[in-house]
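Before any comments, here is the structure.
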Amino acid sequence: MNAASQAGTLTVDNPAPAAPSRCPFAAGFDAMGDAYYKDPAAHFAEFRDETPTFFYPYLNAWMVTRHQDALKVLGDWKQFSSAANAGLIEVPEEFQDVISSELISRVLVGSDPQGHTTARGVAQLGFLQENMDALAPEIEARAHRIIDKFENNGSGNLLEDYCLELTTQTLLAHMGLDYSWDTQIRELRDDFFAVLASAQEPLPEPMRSQVWTRYVAGNLKLREVIESRRDSTELDLISIMASQKDEQGNFVLDADQIAIHLTEFCAAGTDTTAQAMANALLFLNAQPEALEDALLEPELWPRVFEETVRRRPSSTFASRQAMIDIELGGASIKKGDMVWVALSSVNTDPDFKDNPFDFDIHRQEPEDHLAFSTGRHKCLGNPLARVQGATGLKVLFERLPSITVDDPDSLDFVRMALLPARRSLNVHWDLADIERSQQTTIRTLDLKVAQRVEESEGVISLTLVHPDGGKLPKWKPGAHVDLHIGEFTRQYSLSSDCEDRNAYRVGILREPAGRGGSAAVHDLLIDGSSITVSWPRNNFRFVDAERYLFIAGGIGITPILAMIKEAERIGKEWTLLYGGRSRSSMAFLHELEGYGDRVKLVPQDELGHLDLEAVLGTAAEGTLIYCCGPEGLLQAVESQSAHWPKGSLRLERFAPKVIERTGEDQEFEVEFTTSGKTFTVGADESILTAAKREGLSVISSCETGTCGTCETTITSGEVEHRDSILTDDEQEANETLMICVSRAQGTCPKLVLAR
């Protein structure tokens with residue numbers, strides 16, 4: 001049960017008693033009816049002209065529907081107080097020693113200055129726009145991982161599978177909490193909504209005891225975290241709030257109050273943004289032109305989110321209590337009356353917006369609306385909501401552009417006037433989206449180093465796991481991943497068991513004369529370090545054969561280790577010739593000890609160079625040679641095995657092979673069939689560079705022809721292959737090319753590529 005479900009059940013099952021009717025009264029308005037849940041703004045519009053402010057007995061409150069009147073209510077806390085939103089919360093006696101009635105009354109949604117100002121000032125520091133913008137890459141990475149889990153299903157409940165999942169994970173990241181907190185945060189989200197709803201209506205037993213027991217336990221756990229971060233300089237929300245001091249050097253807020261506010265954020269920071277993303281999908285399905293514009297211009301996604309929340313705010317009302325007698329919108333409001341500002345109505349007031357019911361992502365001032373309220377109680381988390389909402393939608397449609405709502409007219413809502421929350425949004429998509437997205441998006445994982453091991457002189461291994469303990473994407477022997485370390489992106493082969501999806505292992509040789517990537521790994525990554533890693537890619541595929549001859553030089557042993565494990569599992573014959581400068585420099589020797597005489601170790605300082613003539617002199621039918629290591633070894637193996645049957649040799653290079661050119665490069669035309677673009681590739685640029693210049697979404701990594709990220713299908717045209725991945729047979733077949741290095745042959749004027 002999500003937060004809205006739990007709180008909403010209270011409102012529906014036990015509605016508040018209706019007060020005697022007052023005038024004006026809008027006959028026909030029903031915040032529990034289908035018309036309201038289908039489109040709250042349109043339902044209010046039926047009554048706004050004749051009764052701009054009207055009394056609604058069901059909620060025992062005045063409804064304010066005009067924009068100008070809303071500014072009056074929301075902008076003057078002395079005349080319209082928020083205190084009643086929390087002042088009626090009754091804390092059970094058995095929990096008063098942990099959470100007093102006075103403490104719970106300090107929730108931001110239910111307090112006025114001065115207490116509100118002090119607490120908001122501290123919390124506001126945790127939602128600064130620049131810090132929220134910096135969180136966007138983390139949100140994007142988590143969004144990709146969530147989609148990874150369900151994309152192959154072809155359908156699902158997007159609200160639960162993606163929207164709520166993403167907002168919950170975003171909150172974890174923002175609070176600096178690891179995945180072990182996932183269940184706790186969800187419970188605090190649900191329980192805070194229930195506690196807040198009890199201000200209007202008591203919780204029935206046994207729900208009352210269950211909610212308060214969990215809520216108090218969660219608060220106590222949060223207080224421990226808060227105290228542990230009192231001296232922290234980190235930029236997560238808890239550290240920021242915990243470390244703030246006044247002019248006398250005292251902490252501004254006690255841990256118990258910070259914990260209460262954090263539970264507010266657990267609720268406000270998840271359901272509302274999740275609902276907004278779901279609503280955006282409905283609007284975009286109904287307005288395909290807007291979706292097309294956003295897909296072509298990704299900078300429009302923030303506008304999509306803004307127009308969504310303007311047109312249908314997730315929280316439909318902002319409530320206040322009148323502190324004076326006042327005339328508003330033709331209604332006589334008495335001191336003590338509750339006043340509810342209908343945010344969906346004021347945002348679509350024709351006196352405020354032209355064509356207010358159009359879904360227009362090109363409006364002049366997209367953020368000019370009251371979806372996040374205004375004044376002292378403007379949603380302080382709006383910078384986070386805006387970043388995660390836009391980012392979440394961008395990633396979703398990049399990955400699954402065909403996603404479509406099954407039944408746009410479905411009214412599967414929790415019937416709760418304050419937060420008309422969907423319980424489900426069932427969708428489907430074309431599974432072909434998966435293949436298309438792989439050509440335009442580099443998928444990454446945010447992993448952590450579970451173990452760093454010194455494997456030999458200059459070589460370390462890193463065992464990488466997901467922080468939540470989840471399964472990692474499948475891979476096959478020969479695969480590699482990209483490690484993103486600061487400014488560096490480097491490819492490293494997976495050396496673990498491909499059947500173990502709990503962890504990846506890579507081996508890294510420190511190269512003093514390298515470009516800095518390996519040194520960064522050695523110097524920066526330790527047990528517990530976080531690291532962004534690409535999904536596995538495989539350009540050194542382990543294919544079926546009667547037997548295998550493995551040849552490894554130095555760190556080239558890493559992909560071979562995975563192949564040996566697979567050969568053992570499937571019961572194939574194999575032998576390994578493994579050379580290195582010295583035994584002390586040769587990594588993973590302990591893993592090879594159990595294989596006996598099938599492994600021949602050749603330390604150069606003891607036995608000299610590998611005797612390739614002895615092992616390759618006689619061609620062996622049915623045997624595949626897999627070789628990985630320095631360029632000198634690869635060239636020697638190529639030469640010594642030239643008489644073997646065609647296709648017997650499989651190589652993996654760490655650096656691009658040297659290409660001997662016979663003439664100057666010429667310009668040529670390229671047509672990309674999927675995008676429909678045709679352009680000229682200059683003599684001094686690659687196809688990849690030209691494609692990026694033309695604004696095409698193409699992915700790449702090494703840009704030297706060694707990683708395979710940019711591999712593209714050839715529809716027609718003859719290619720001069722300059723990569724270090726494709727075998728001679730594959731290059732001769734002319735079916736794919738690496739657009740970062742390969743070109744049209746000198747006499748070929750045009751290439752047609754399927755991208």
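Computed from the coordinates by the stated procedures, all read-outs in this text should not be read as laboratory data. Bear in mind the structure is a predicted one, so any value in this text is a computation, not a measurement. When we count neighbours, we look across all protein chains shown, and the Cβ atoms used for this are built from the backbone with ideal geometry, even at glycine.
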Inset, instruction - Sort the following peptides by mean Cβ neighbour count (other Cβ atoms within 10 Å, averaged over residues), highest first: 161-172, 613-624. - result: 161-172, 613-624
Inset, instruction - Run down the lysines and flag those whose C-alpha is under 27 Å from the C-alpha of K72, throwing out any fewer than 8 positions away in its chain. - result: K334, K335, K353, K378
Inset, instruction - Using just the helices of the chain, give the 222 nm mean residue ellipticity in deg cm²/dmol: DSSP H runs with n ≥ 4 each add -39,500 (n - 2.57), and the total is spread over all residues, rounded to 500. - result: -10500 deg cm²/dmol
Legend entry - Rg to Rh quotient for the chain, alpha carbon positions, Kirkwood Rh: 1.06
Legend entry - Pairwise FRET efficiency - K471 versus D409, Cβ, R0 = 45 Å, nearest 0.05: 0.75
Inset, instruction - Treat the count of other C-beta atoms within 10 Å as a stand-in for reagent exposure and order H590, H261 from fewest to most. - result: H590, H261
Inset, instruction - Would you calculate the separation in nanometres between label points at N153 and V752, each defined as 7 Å from the Cα along the Cα-to-beta-carbon direction? - result: 4.0 nm
Legend entry - DSSP-defined beta bridges in the range 668-754 - what % are antiparallel, rounded to 5: 75 percent
Legend entry - Three-way shape label, the range 253-377, alpha-carbon gyration tensor, a/c 1.5: oblate
Inset, instruction - Please report how far the C-alpha centroid of the range 272-308 lies from that of the range 582-625, rounded to the nearest whole angstrom. - result: 58 Å
Inset, instruction - Sort out for me the Cα centre separation of the range 466-535 from the range 327-362, rounded to whole Å. - result: 54 Å
Legend entry - Net charge dipole size for the range 3-423 [Lys, Arg +1 and Asp, Glu -1 on Cβ; Debye, nearest 20]: 740 debye
Inset, instruction - Using DSSP, restrict attention to beta bridges with both residues in the range 3-423 and report what percent are antiparallel, rounded to the nearest 5. - result: 75 percent
Inset, instruction - Measure out, as a whole number of angstrom, how far apart the alpha-carbon centroids of the range 558-572 and the range 397-439 sit. - result: 42 Å
Inset, instruction - Towards the positive end of the charge dipole of the chain, with charges on Cβ (+1 Lys, Arg; -1 Asp, Glu), say which of L188, Q731, L235 has the farthest Cα. - result: L188
Inset, instruction - May I ask you to order 360-366, 695-701 by the average number of other C-beta atoms within 10 Å around their residues, highest value first? - result: 695-701, 360-366
Legend entry - Computed FRET value (nearest 0.05) for T489 with T618, which takes r as the C-beta separation and R₀ as 51 Å: 0.75
Legend entry - Rounded to the nearest 20 debye, dipole of the range 547-652 from Cβ charges on Lys, Arg, Asp, Glu: 240 debye
Inset, instruction - Please work out how much length the chain gains when fully extended from K334 to D231, using 0.36 nm per residue of separation minus the C-alpha to C-alpha distance, in nm with one decimal. - result: 32.2 nm
Legend entry - Peptides ranked, highest mean first, by Cβ atoms within 10 Å: ranges 505-514, 129-138: 505-514, 129-138
Legend entry - Options G622, Y179, V599, ranked by Cα towards positive dipole end of the chain, top entry (Cβ charges): Y179
Inset, instruction - Compute the length gained on full extension between H643 and R598: take 0.36 nm times their separation in residues and subtract their Cα-Cα distance, giving the result in nm to one decimal. - result: 13.8 nm
Legend entry - Neighbour-limited loop hits for GluC sites (Glu not before Pro), the range 498-597 (at most 16 other Cβ within 10 Å; DSSP other than H, G, I, E, B): E499, E546
Inset, instruction - Check each of the trypsin sites (Lys or Arg not before Pro) in the range 609-693 and keep only those in coil by DSSP with at most 11 other C-beta atoms within 10 angstrom; list them in order. - result: K646, R661
Inset, instruction - Between L524 and A683, with labels modelled 7 Å along Cα→Cβ, what's the label distance in nm to one decimal, could you check? - result: 4.0 nm
Inset, instruction - Sort the range 159-234 into rounded, prolate or oblate with this rule: let a ≥ b ≥ c be the square roots of the eigenvalues of the Cα gyration tensor; rounded if a/c is under 1.5, and if a/c is not under 1.5, prolate when a/b is larger than b/c, oblate otherwise. - result: oblate
Legend entry - Among T712, G269, S209 the positive-end extreme of the charge dipole of the chain (Cβ point charges): S209
Legend entry - Fraction of beta bridges assigned by DSSP in the chain that are antiparallel (%, nearest 5): 65 percent
Legend entry - Rounded tilt (10° steps) of 382-399 against the dominant C-alpha axis of the chain: 40 degrees
Legend entry - Test item: Cα-centred dipole of the chain, Lys/Arg +1 and Asp/Glu -1 on Cβ, debye: 860 debye
Inset, instruction - Show which lysines lie in cross-link reach of K677 when reach means a straight Cα distance below 17 angstrom and same-chain residues fewer than eight apart are skipped. - result: K692, K750
